[in-house]
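The values are calculated or read from the model by the stated rules, or taken from the named source; none is laboratory data. Source: prediction; values computed, not measured. Don't worry about glycine lacking a Cβ; one is built from the backbone with ideal geometry, like all the others, and counts go over all protein chains shown. Accessible surface areas use protein heavy atoms only, side chains included; no ligands, DNA or RNA. Shrake-Rupley method; radii C 1.70, N 1.55, O 1.52, S 1.80 Å.
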Amino acid sequence: MNPLTQFKKIPILSLLMALALAALASPTVARANAVTDWNLIASNAIVVTAGQPPPVSALSFAMVQGAVYDAVNAIDRSHRPYLPEPPSNLTDSKEAAAATAAYRVLVGFGDLPGLFPLQQPTLQPLYNSYIAGLPDNPPGSRANGVAIGDATARTMLAARLNDGRFGLSPTLYPPAPGIWRPTPPNFANDPAPWVGNVQPFIVPSVEMLRTDGPNALTSAEYAEDFNEAKEVGSLTSTRRTADQTDAAIFWQDHAHALFNRIFRTLAASQGLNIAESARLFAMENLAAADASIGCWNDKYYWQFWRPITAIREDTDGNPDTQADPTWLPLFDPSTAVCHPPLLVTPPFPDHPSGHACNTGAFVHTLQNFFGTDKIAVTAFSNKSCTTRSFERFSDILSEVIDARVWAGIHFRTADVQGSVLGNKVAHYMTKHYFQPLD
């Protein structure tokens, strides 16, 4: 048997247990906890098995991690809950509560649907084995933890019923200069245009996240964005460096899967306990959910065209821009990647950048959580199959803003304003949620 094939058949739980035993044997290796274990399982369920695109997955991650936080925090009692929490004892199992909350949000209950009920045959054996492997000390603490996780999962699922997910799509504006339309080579439509109409998780109103909007077509600022994207974002650009090309492809990995990998690494490297991990993952993913909702609402408010349309047509009336009807962005199917799908211009409006909206929320929340910007991060991308390192959290955001221009899929203004939108969510959340109890 091919050893790689054999490895792929190892159950996730067995792999997690093996990693845990290795960590116990080596005190220099940071250990995982139930929050990070079940974030990995949830990420696989959301991104790999269900195949949810980034803006949809943001909502699923938020529901899972919000319920996990409330389950652990109900026992820890250190911070304000996100949603109402059940009663608990300080000795109840936080591990059982975290695992149960994640599992139940994913698969649901008989009378309350979860995110992916069809995945129950796969997830239930993982969950049963995980719970069975937890200590029950004092007796009854494990069962109490399960009950708490059940309760917070129910509260989350009930709170998100009829929240606009998978609902109505916005109406597209008639074709005109500056207005988005499907782009070559596949001329695809947005798989989730309804995301902008979903009820926010954190902010009271999506309108408070409205951006300033794209530059006027005849402005000098628009011409500057146009010519930058045309030059450094071209498939055949001679100005873009090899490292910039790598960065552009690197950040086209599934953003929420990639960032949750980063959060798992940080939880371990920074020595976070289970309660701190639960709070970090909830803050990050709830902020990203509202960043995605606000971003998609804003995209369809402005409906601004992508560089490939603007550069090929050049009907903007700006004397400082010139059309190139054969122009191709770096994100073209001919550009090599290590894992499918192939690169294309994303099938929804340019402004603001979805990746920048989410990265802005992620990065500013990291800064707020840790109380510093100066923590080094190293991450691996499944799109470029390369590793990139950053000395500060803010270096990540700066590179993402640049990378979307280098990819030829965004105007810089869309990236900058997207990052501001994400920061608005993070700032509001820090003021109104997750404060320590007096």
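Which FRET efficiency value, to the nearest 0.05, do you get for ASN89 and HIS339 by plugging their Cβ-Cβ distance into 1/(1 + (r/R0)^6) with R0 = 60 Å? List each step's numbers first, then the result.
Details: r = 46 Å, r/R0 = 0.77.
Once the sixth-power term is evaluated, E becomes 0.85.
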Hey, any idea what Rg/Rh is for segment 265-324, computing Rh the Kirkwood way over Cα pairs? 1.36
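Evaluate the charge dipole of the chain about its Cα centre and quote only its size in Debye, nearest 20, assuming +1 on the Cβ of each Lys and Arg and -1 on the Cβ of each Asp and Glu. The partial results should precede the final answer.
Values: 30 positive and 39 negative charges, 229 e Å.
Computed charge dipole of the chain: roughly 1100 debye.
Compute the relative contact order of the chain as a whole-number percentage, counting only Cα pairs closer than 8 Å that sit 6 or more residues apart in sequence.
20 percent
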I'd like to know how segment 159-311 sits against the 2.2 N^0.38 Å rule of thumb: what's its Cα Rg over that expected value? 1.27
Using amide H atoms built 1.01 Å from N in the peptide plane, name the residues 5+ places from HIS79, or on other chains, whose amide H lies under 5 Å from its own. LEU437
For the chain, what does the convex hull of the Cα positions come to per residue, in cubic angstrom? 154 Å³
Derived scalar couplings ³J(HN,Hα) [segment 204-218; Karplus, 6.51 cos²θ - 1.76 cosθ + 1.60; whole Hz; x for Gly, Pro]: x, 8, 5, 5, 5, 9, 4, 7, 5, x, x, 5, 4, 4, 8
Given the C-alpha centroids of segment 370-438 and segment 282-320, what is the distance between them in whole angstrom? 17 Å
Given backbone amide H placed at 1.01 Å from N, residues whose amide H is under 5 Å from that of PHE109, ignoring those fewer than 5 places away on the same chain, are GLY114
With Cα coordinates, the longest principal axis of the chain makes an angle with the long axis of helix 34-43, in degrees rounded to 10, of 40 degrees
Measure off 7 Å from each Cα along the Cα-to-Cβ vector at THR238 and ASP111, then give the distance between these two points in nanometres to one decimal. 7.1 nm
Taking amide H positions as placed 1.01 Å from N in the peptide plane, with prolines and chain starts having none, which residues 5 or more places from ARG306, or on another chain, fall under 5 Å of its amide H? ARG181, ASP350
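Given a 1.4 Å probe, how much area per residue of the chain is accessible, in Å²?
On the way: 18110 Å² over 438 residues.
Dividing the accessible area of the chain by its residue count gives 41 Å².
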Nearest-ten-degree value, helix 393-406 long axis tilted from longest Cα axis of the chain: 40 degrees
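Do you know the Lys pair count in the chain for C-alpha distances under 24 Å, with sequence separation 8 or more or different chains?
7
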Spatial extent of segment 65-147: Rg and Dmax, with the Cα atoms as the point set, Å: 12.7, 35
Going residue by residue through segment 62-69, the Karplus relation 6.51 cos²θ - 1.76 cosθ + 1.60 with θ = phi - 60° gives ³J(HN,Hα) values, rounded to whole Hz and with x marking Gly or Pro, of 5, 5, 5, 6, x, 5, 4, 4
Relative to the longest principal axis of the chain, what angle (0 to 90°, nearest 10) does the C-alpha long axis of helix 412-432 take? 30 degrees
Expressed in nanometres to one decimal, the distance between label points 7 Å along Cα→Cβ at ALA159 and GLU228 is 3.8 nm
³J(HN,Hα), Karplus 6.51/-1.76/1.60, whole Hz, each residue of segment 171-181, x for Gly, Pro: 7, 7, 6, x, x, 6, x, x, 9, 5, 8
Rounded to the nearest 20 Debye, what is the dipole magnitude of segment 243-391 about its Cα centre when Lys and Arg each give +1 and Asp and Glu each give -1 at the C-beta? 640 debye
Mind checking which of ALA143, ASN162, GLY178 is farthest towards the positive end of segment 135-182's charge dipole, using Cβ charges of +1 (Lys, Arg) and -1 (Asp, Glu) about the Cα centre? GLY178
Can you give me the pair-distance distribution of segment 208-248, C-alpha pairs, 10 Å bins, whole percents? 25, 35, 30, 9, 0
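Kindly state, to the nearest 0.05, the FRET efficiency for ILE375 paired with GLU313, given R0 = 60 Å and r defined as their beta-carbon distance. Working shown, then result.
On the way: r = 44 Å, r/R0 = 0.74.
That pair, ILE375 with GLU313, gives E of 0.85.
Hey, any idea what % of segment 77-185's accessible area is carbon plus sulfur with a 1.4 Å probe? Walk me through the numbers on the way to the answer.
Working: 3220 of 5440 Å².
Roughly 59 percent, rounded to a whole number.
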Ignoring ligands, DNA and RNA, what percent of the accessible area of segment 243-391 is carbon or sulfur (1.4 Å)? 53 percent
State to the nearest 20 debye the size of the charge dipole of segment 144-302 about its Cα centre, where the only charges are +1 on K and R beta carbons and -1 on D and E beta carbons. 460 debye
